[in-house]
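Encoded as structure tokens, the structure appears first; notes follow it.
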Amino acid sequence: MMTPLKSPNMNVTDDPKRDDNLVKIISFDGDGSLQLIHGYDASGFRITGSRHEGPVILLPRQTMTWKAPSDPELLTATDIVSALGTPAPPLLILGAGEAPQSPLLSLGAALRADGINLEVMSTSAACRTWNVLMSEGRNAAACLYLTKK
């Protein structure tokens, strides 16, 4: 049985049937290889203690280098889906380098047909978003282009 954590500022009862009184702590199973982004520059990314040169595809417990088209607007669902595995995560974060100039509507529609929702943002925003998603235990993937700076 989980014992609720009590705060002096909260009126918490000892009734185990009241889930709203519990502080739930999420722990990640496995060998601790959750892929978190620790830094990036114009040539690559530092992810969970390892340096990866060039664009990458991230899954919660795997990082892959990626032969990405030079321009995110040239991406197709085929460029991405095969690397995501089965079943593919329901959310894909695309870090499109600097501020994206297009929402990539055709790519988003093609990915939705495969059950994947696309979020396009700058690589810096995608790195921050990825780390938050992983801290929440979410099932997601990220494709990250390099920044020019």
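So the values come out like this:
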{"quantity": "Percent of Cα pairs exceeding the 20 Å cut-off, where the set is the range 30-144", "calculated": "34 percent"}
{"quantity": "Test item: Cα-centred dipole of the range 48-149, Lys/Arg +1 and Asp/Glu -1 on Cβ, debye", "calculated": "280 debye"}
{"quantity": "Extension gain, Arg112 back to Thr78 (0.36 nm per residue minus Cα-Cα distance, nm)", "calculated": "11.0 nm"}
{"quantity": "Full-stretch length increase - Glu53, Glu119 - with 0.36 nm per residue and alpha-carbon distance subtracted", "calculated": "21.4 nm"}
{"quantity": "Cβ-based net charge around Ala96, under 12 Å, with every Lys or Arg adding one and every Asp or Glu removing one", "calculated": "-3"}
{"quantity": "Contact order relative to length of the range 30-144, as percent, for alpha carbon pairs under 8 angstrom and 6 or more apart", "calculated": "28 percent"}
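All of the numbers you see were taken from the coordinates with simple rules; none came from a lab. The shown structure was predicted, so the numbers you read here are calculated from the model rather than taken from an experiment. With ideal geometry, Cβ positions are generated from the backbone for all residues, glycine too; neighbour counts draw on all protein chains shown.
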